[in-house]
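Chemist: Before anything else, here's the structure in question.
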Amino acid sequence: MRSTNWAGNVVFRASELHRPASIDELRRVVARSPKVRVLGSGHSFNEITDTDGTLVSLDALPPEVEIDGATGTARISAGLRYGELSRRLHAAGHALANLASLPHICVAGACATGTHGSGDGNGGLATSVTAVELVTGEGDLVTLSRDADPDRFPGAVVSLGALGVVVAMTLRLVPAFEVRQRVYENLPAEALAGHFDEIMASGYSVSLFTDWRGDRISQVWVKERVDASSGAPGDEREPVVAALGATPADGPRHPVPGMPAVNCTEQLGVPGPWFERLPHFRPEFTPSSGDELQAEYLLPRRHAVAAFQALAGIADRIAPVLHISEIRTVAADDLWLSPFHGRDTVAFHFTWKRDEAAVLDVLGLMEDVLAPFEPRPHWGKLFTIPPKVLHSRYDRMADFRALARELDPAGKFANAFVARHVLEIE
């Protein structure tokens, strides 16, 4: 078997790949396999999915969505991708509070790695989860929920695949809503120093894009809810970035220079369903060629401006190997291995050119510069932070290890990445 991740920079070493068509078939595969990892959408950039044992894909399982209107939740198959799930929820009058920039990713993998969207009041994708159902090493089905298992549940959502194969999840829903999206260009970078909080509060979800060249934020994407609390659909109030010197884009934009804007969700203030505006990219288009690498660092929000200024000091090293960088905010949560655990967060994301040696060299420099701010890396992207340093930045790491020993005593789901970066196993 030969397979790679989405970007092609990781070649999986698995001896076999299974696509079970039922939960019973999956349980048999897991029970007889000495090592197991789950392959989701493959949108990771390190060895978090890799294994020398069995890879399991959930894409052949029935795509179930069971909505419970009384509790405002939906039980879903974990292998569903957000694009498909969102359409089905919206058709029934429901929504998720937040979405990532890509609708192409699968729900279980996104939650397990701490993937997020944006917004001062919005938590990462995993914060919508109220229960997980997983197949453990012996092929048993185990359910953990926030209500029934309050002492263990916070460790079971952002789990890095280390506890078992998640086959179903229950998600908290909100009523369907509309969003309008507008893009502004050339915001003076100096505006961040005195107005960062004001800028990031100017929409339901706000993204700043920069190539770290010059003294401008190249694009600001402002996504605003359109409902009774945020103004009528025709209300075209200019957000604060316009007063600070940014100009409205005169047409659709792609955040990466030179890429076609047709790949992106509709802009220019046209209202539309939440799932067609909160992501940056349309599900029917591949967002890029995949010929890229990614890294992301999550820091306490209070350090946002200082961290930006620190990175600006090494912009001459960042820019030559960069496609684009995105800055967002994410609300704190209580999930043990979440990069947002216990702290409101500013996220610095980097989409790199496909030169891994050069990128890793720059990452080491960036991590040194950001070290005073205690950054946590995105679990599914590139980083070079030593394990002991990483462990010190998660105060519930020991509790997660205990949960892993309880649910996976044989270490069936602990690949080399998890063993090194979480479980302290050499």
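Chemist: Quick one: which of 102-112, 183-193 comes out on top by average Cβ neighbours within 10 Å, and what's the full order, highest first?
Modeler: Sorting 102-112, 183-193 by mean packing, highest first, produces 102-112, 183-193.
Chemist: Can you give the helix-only mean residue ellipticity at 222 nm for the chain, where every DSSP H stretch with n ≥ 4 adds -39500 (n - 2.57) and the sum goes over all residues, rounded to the nearest 500 deg cm²/dmol?
Modeler: -5500 deg cm²/dmol
Chemist: Then there is this: Rounded to the nearest 10 degrees, what's the angle between the helix 23-32 long axis and the longest principal axis of the chain, both from Cα atoms, 0 to 90?
Modeler: 70 degrees
Chemist: Moving on to the next point. The list [x] 219; [y] 132; [z] 148 gives values of volume of the Cα convex hull per residue in Å³, and only one came from this structure; which label was calculated from it?
Modeler: [y]
Chemist: Okay, next question. Which distance in nm do the two modelled labels at ASP334 and ASP197 give, with both placed 7 Å along the Cα-to-Cβ direction?
Modeler: Between ASP334 and ASP197, the simple spin-label model gives 2.5 nm.
Chemist: Which distance in Å, rounded to a whole number, links the C-alpha centroids of region 331-352 and region 70-114?
Modeler: That distance is 19 Å.
Chemist: Give me the percent relative contact order of region 65-175, please, defined on Cα pairs under 8 angstrom at least 6 residues apart.
Modeler: 32 percent
Chemist: Can you tell me which of ALA358, ALA91, ALA402 moves the most in a GNM of the chain? Springs connect C-alpha atoms under 10 Å apart.
Modeler: Sorting by GNM fluctuation, first place goes to ALA91.
Chemist: Determine the distance separating the Cα centre of region 182-222 from the Cα centre of region 383-412; give it in Å without decimals.
Modeler: About 36 Å separates the Cα centre of region 182-222 from the one of region 383-412.
Chemist: Give me the dipole magnitude in Debye, nearest 20, for the chain about the Cα centre, with unit charges on the beta carbon: positive for Lys and Arg, negative for Asp and Glu.
Modeler: It works out to roughly 500 debye.
Chemist: Explain nothing, just the number: relative contact order of region 5-134, from Cα pairs under 8 Å at least 6 residues apart, as a whole percent.
Modeler: Computed value for region 5-134: 20 percent relative contact order.
Chemist: Can you tell me, using C-alpha contacts under 8 Å and at least 6 residues apart, the relative contact order of the chain as a whole percent?
Modeler: 18 percent
Chemist: Now a separate question. Using the Cβ atoms and a cut-off under 11 Å, what net charge is assigned to the surroundings of PHE350, where Lys and Arg are +1 and Asp and Glu are -1? Intermediate values should be presented prior to the final figure.
Modeler: On the way: positive: LYS353, LYS381; negative: ASP211, GLU292, GLU296, GLU326.
In short, -2.
Chemist: Counting Lys and Arg as +1 and Asp and Glu as -1, each charge on the Cβ, what is the dipole of region 65-175 about the Cα centre in debye, to the nearest 20?
Modeler: 360 debye
Chemist: Hey, what angle do you get for helix 82-91 against the long axis of the chain, alpha-carbon based, 0 to 90 degrees rounded to 10?
Modeler: So the inclination is approximately 80 degrees.
Chemist: Could you calculate, for region 179-377, the ratio of the Cα radius of gyration to the Kirkwood radius, expressed as Rg to Rh?
Modeler: A ratio of 0.95.
Chemist: Another one. Consider just the alpha-carbon atoms of region 1-143 and return their Rg together with their Dmax, both in angstrom.
Modeler: That works out to 15.8, 46 Å for Rg and Dmax.
Chemist: Moving on. Identify, among PRO372, PRO273, ASN186, the residue whose Cα sits farthest towards the positive end of the charge dipole of region 179-377, taking +1 on the Cβ of Lys and Arg and -1 on the Cβ of Asp and Glu, with the dipole about the Cα centre.
Modeler: PRO273
Chemist: Using the 10 angstrom Cβ neighbour count as an exposure proxy, how do ASP316, ASP52 rank, fewest first?
Modeler: ASP316, ASP52
Chemist: Quick one: if you stick a label point 7 Å off each Cα along the C-beta vector at ARG213 and GLU284, how many nm between them?
Modeler: So the two model labels end up 3.3 nm from each other.
Chemist: If Lys and Arg each add +1 and Asp and Glu each add -1, what is the summed charge of the other residues whose beta carbon sits under 12 Å from the beta carbon of PRO283?
Modeler: Net charge around PRO283: 0.
Read-outs throughout are calculated quantities, based only on the coordinates presented, and are distinct from any laboratory measurement. This is a predicted model, so every value here is computed, not measured. All Cβ positions, glycine included, derive from the backbone under ideal geometry; neighbour counts span all protein chains shown.
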